[in-house]
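Quick notes on the structure that follows.
Throughout, read-outs are computed from the coordinates displayed, never taken from laboratory work. In this text the structure is predicted, and so the values were computed from the model without any measurement. Backbone-built Cβ (ideal geometry, glycine too); neighbour counts: all protein chains shown.
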Amino acid sequence: MNSQHKKLGRISLLLTGLLFVMLCACSIIPQTGHTNNGQPDPGIAPIVSPYQKLRIVDACINTPPISSYFRLAAGVIADRVDSYINVNEGGLLVYVSYISSHSFGDEAWHVAVPAIPADVGQPTLSPTPNPASFTNPYDHANAVATVTRTNTQITTSWQAQLKSNHEKLAAIRAEVKKATDTLRAITPPFDPVANDYLGCLADASQHLASANVNADKYLIIVDPHENNTLVNASSTINFSGVTVREIFRSCAVASVCQATDRTDEQLLRSYGAKDVQIFDVAQSEALHITF
């Protein structure tokens, strides 16, 4: 009876020892369910987007009864603003102003989008140690565990950076969408008194000339070029380095359109505009306007 108890005791002791070894081995040998050859699998993919420096945009849009294209033009601008919000952006500042009987300072809407940093690229991780470099399998297991733990820490930190940047991007996009929806919903005033085209140009000049010199600058114009007041005429208009896009250009007689287009392009270039392009209604509806 005593020998049977001793035999059972030895078996129990052996099983306990085996269980202890197995538990220790589990704690030493790294788990591979979430790794690929020692490389932690990333969860959030970085957004790859080329750097876009700060952009300043001023849009001068005529109002009824002289022009019926305010809502269309505002929608185009709103769509562009929404589509441009991304990581690796230096910021975006957009003004939309009425061309009315007294255009200077007659602002309809504006939005300021802050800079959004680029996503950090995937970090370089250490490779899994080569078992051939170890004589003891437990030393190799410890080395693998150390490398895996370090790689996991690096990846976790990187993923936290991506998560923070993407949350910032999503929050900015949501706020900008609220702003652009406001722009889309604007009903422009009805102003039959006069057409102060020069006043809006003077106002745009102040926005663009005072802006960061390293910014890309754009002027969007929707107007039939029928200025009939000098109330805000200015000799200090400066569009140096500004790209001009005239959209939804319309008039009744083609020859008159061509003549006024040439005159207006000469005027804008005399103010320093580096590029002037004019698009009629059909072209504007199909155009992907860049700014």
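The table that follows gives values for the structure above.
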| item | result |
| --- | --- |
| Modelled FRET efficiency - R0 45 Å, Ala118 with Ala282, Cβ distances, 0.05 increments | 0.75 |
| At most 13 other Cβ within 10 Å, DSSP loop - trypsin sites (Lys or Arg not before Pro), the range 251-288 | Lys274 |
| Potential extension, Val48-Ile154 segment - 0.36 nm per residue separation minus Cα distance | 36.2 nm |
| Contour excess over end-to-end distance, with Cα ends at Asn88 and Ile186 and 0.36 nm allotted per residue | 32.2 nm |
| Distance between modelled label sites at His102 and Asn228, nm, 7 Å Cα→Cβ extension | 1.9 nm |
| Whole-Å distance, taken between Cα centres, linking the range 50-86 and the range 241-291 | 15 Å |
| Among the listed pairs Lys177/Lys274; Lys178/Lys274; Lys168/Lys274; Lys177/Lys217, those beyond 26 Å (Cα-Cα) | Lys177/Lys274; Lys178/Lys274; Lys168/Lys274 |
| Residues Tyr84, Tyr51, sorted so that the one with the fewest Cβ neighbours within 10 Å comes first | Tyr51, Tyr84 |
| Neighbour-count order for Val147, Val48, fewest beta carbons within 10 angstrom listed first | Val48, Val147 |
| Relative packing of peptides 223-229, 148-154 - highest average C-beta neighbours within 10 Å first | 223-229, 148-154 |
| Separation of the His166 and Gln266 label points, Cα + 7 Å toward Cβ, nm | 5.6 nm |
| Ala59 long-range amide H proximity, modeled H, under 5 Å | Tyr95, Val96, Ser97, Ile220 |
| Footprinting exposure proxy for His207, His110 (fewest neighbouring C-beta atoms within 10 Å first) | His110, His207 |
